[in-house]
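All remarks here apply to the structure that follows.
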Ligand code: ACO
């Protein structure tokens, strides 16, 4: 090749498609050990938090140091933020109500001021807590239930959804879920939040970008399809044949596989324990649980046979689906509930990125046609 024909693309490294091994941030927020199947959130293993701490306590853990004016009583501050966000439901006109819930949540949340302060962060955490149950009730022709700022967030969300106080097992199960998904390294939605935050666009824009990334079926949009899969399988005895057919068609089994974990996702076990606790309290349909267990066992056996070179295990979304279904959330709102859990993580990462002072701006390698050399 003559030096004249060497292009800038020739001097560039190969594109890191999927960014698998690219490290673009240092973080104090969480560590995902994909080989050992361990998740650490601000120095605590997931086991020390899930089922033990409230969602508000883990939000305080994540936001600590990123908002100097973080109040000591975060549950009360979030309760007040829920009351403020409730007013946004008034904007849910017929056009917004026709949207899928995650899009309606995005449209209504976009109305929140795009500040960079604590008040904005609290309203963004509160937005899915209030808007998700409100949108469900509006879709059912029911009046939205106003938040009770004195309640814990998990209990209040379930009360706003059903119009009655949840029992302790139900509130504990939702808390366990929200804590389990609060932060998880540089997943696609958190990366999206950091990219947008790095431009100084503000917290609301970063949160909205993260929500957009979250809803895809390869990320936080998977648990609804997990239930679709269970419905399609129908009976435990049909699990293997159905799943085998899906793999023959080239489909992916929802709730299995992960970019980072090569062993079982520790969050799957945290949520399986949550489902077991709900079942012990008589809050999970026993037939549904038997079906899910049969599907999980058949899927793991099939994936091990069909993809021997690729360890594929149960991920967080499989038991998310069962847990949120048992709590009475419609499947199309699962991504909104995920956004409620992940909000503190997104916002802490956004602030951490801004503090680096660096705009995130990677490069691409041009492989398209070149203009002809001038004669
Ligand atoms: N079902 C069937 N095959 C699978 C699955 C699955 N769930 N997951 C991966 N594979 C196969 C792929 O088809 C591919 O096979 P091939 O090499 O023969 O083409 C191989 O395993 C590797 O797949 P990749 O796409 O390279 O794996 P990647 O790490 O990019 O994918 C992902 C991770 C997107 C989560 C994938 O496992 C998947 O699509 N799972 C189903 C959707 C899901 O559960 N998403 C939720 C993830 S958890 C979360 O984001 C909160």
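In the range 187-329, Rg over Rh equals 1.03, where Rg is the alpha-carbon radius of gyration and Rh the Kirkwood radius from pairwise Cα distances.
Regarding the range 89-148, what's the average projected area of the Cα-atom convex hull, expressed in nm²? About 4.1 nm², averaged over all directions. The Rg/Rh ratio of the range 1-95, with Rg taken over Cα atoms and Rh as the Kirkwood radius over Cα pairs, comes to 1.24. Taking other C-beta atoms within 10 angstrom as a stand-in for reagent exposure, 21, 47, 183 fall in the order 21, 47, 183, fewest first.
Per the Debye calculation on the range 205-273 with a single equal scatterer at every Cα and no solvent contribution, log₁₀ I(q)/I(0) for q = 0.14, 0.19, 0.21, 0.27 Å⁻¹ amounts to -0.56, -0.95, -1.08, -1.24.
Compute log10 of I(q)/I(0) for the range 276-334 with the Debye formula, placing one identical point scatterer on every Cα and leaving out solvent, at q = 0.13, 0.20, 0.30, 0.31 Å⁻¹, to two decimals. Listed by q, the Debye log ratios stand at -0.41, -0.81, -1.22, -1.26. Cβ crowding within 10 Å ranks 325, 240 as 240, 325, fewest other Cβ atoms first.
Calculated on the alpha-carbon coordinates, the convex hull of the chain measures out at 179 cubic angstrom per residue.
Fewest neighbouring Cβ atoms within 10 Å first, the residues 313, 14 line up as 14, 313.
Kirkwood radius for the range 55-129, taken over all pairs of different Cα atoms as the inverse mean of 1/r, rounds to 13.2 Å. Based on C-alpha pairs under 8 angstrom that are at least 6 apart in sequence, the range 144-212 has a relative contact order of 20 percent. As a rough guide to protection, the peptides 349-358, 161-170, 300-309, 200-209 ranked by mean Cβ packing within 10 Å, highest first, stand as 200-209, 349-358, 161-170, 300-309. Taking every Cα-Cα distance in the range 49-90 and sorting them into 5 Å bins starting at zero, the pair-distance distribution P(r) comes out as 5, 20, 24, 20, 16, 10, 3, 0 percent. Applying the Kirkwood pairwise sum to the alpha-carbon positions of the range 335-375 produces a hydrodynamic radius of 14.3 angstrom. Of interest is the spacing of the C-alpha centroids, which for the range 95-126 and the range 299-375 amounts to 20 Å.
Computed over the chain with a Gaussian network model linking Cα atoms closer than 10 Å, the most mobile of 141, 43, 221 is 141.
When the Cα convex hull of the range 165-264 is projected onto planes of every orientation, the mean area is 9.5 nm².
Taking only the C-alpha atoms of the range 81-192, the Rg (one decimal) and the largest Cα-Cα distance, Dmax (whole number), read 14.3, 39 Å. The relative contact order of the chain, computed from alpha carbon pairs under 8 Å that lie at least 6 residues apart in sequence, is 25 percent. P(r) tail, the range 286-375: Cα-Cα pairs separated by more than 20 Å, 66% of all pairs.
Helices in the chain, meaning DSSP H runs of at least 4 residues, each add -39500 (n - 2.57). Divided by all residues, the mean residue ellipticity at 222 nm is -16500 deg cm²/dmol.
Across the range 60-198, the relative contact order, built from alpha-carbon pairs under 8 Å that are at least six residues apart, equals 23 percent.
Judged by the ratio a/c of the largest to the smallest principal axis of the C-alpha gyration tensor, the range 26-150 counts as prolate, that ratio being 1.5 or greater while a/b is larger than b/c. Across the range 119-163, Cα-Cα pairs more than 12 Å apart make up 57 percent of the total.
Taken together, the values in this text are just the output of simple stated rules run on the coordinates, not laboratory data. If you're wondering where the values come from, they're calculated on a predicted model, not measured in any experiment. Heads up, the Cβs are rebuilt from the backbone with ideal geometry, glycines too, and the neighbour counts pull from every protein chain shown.
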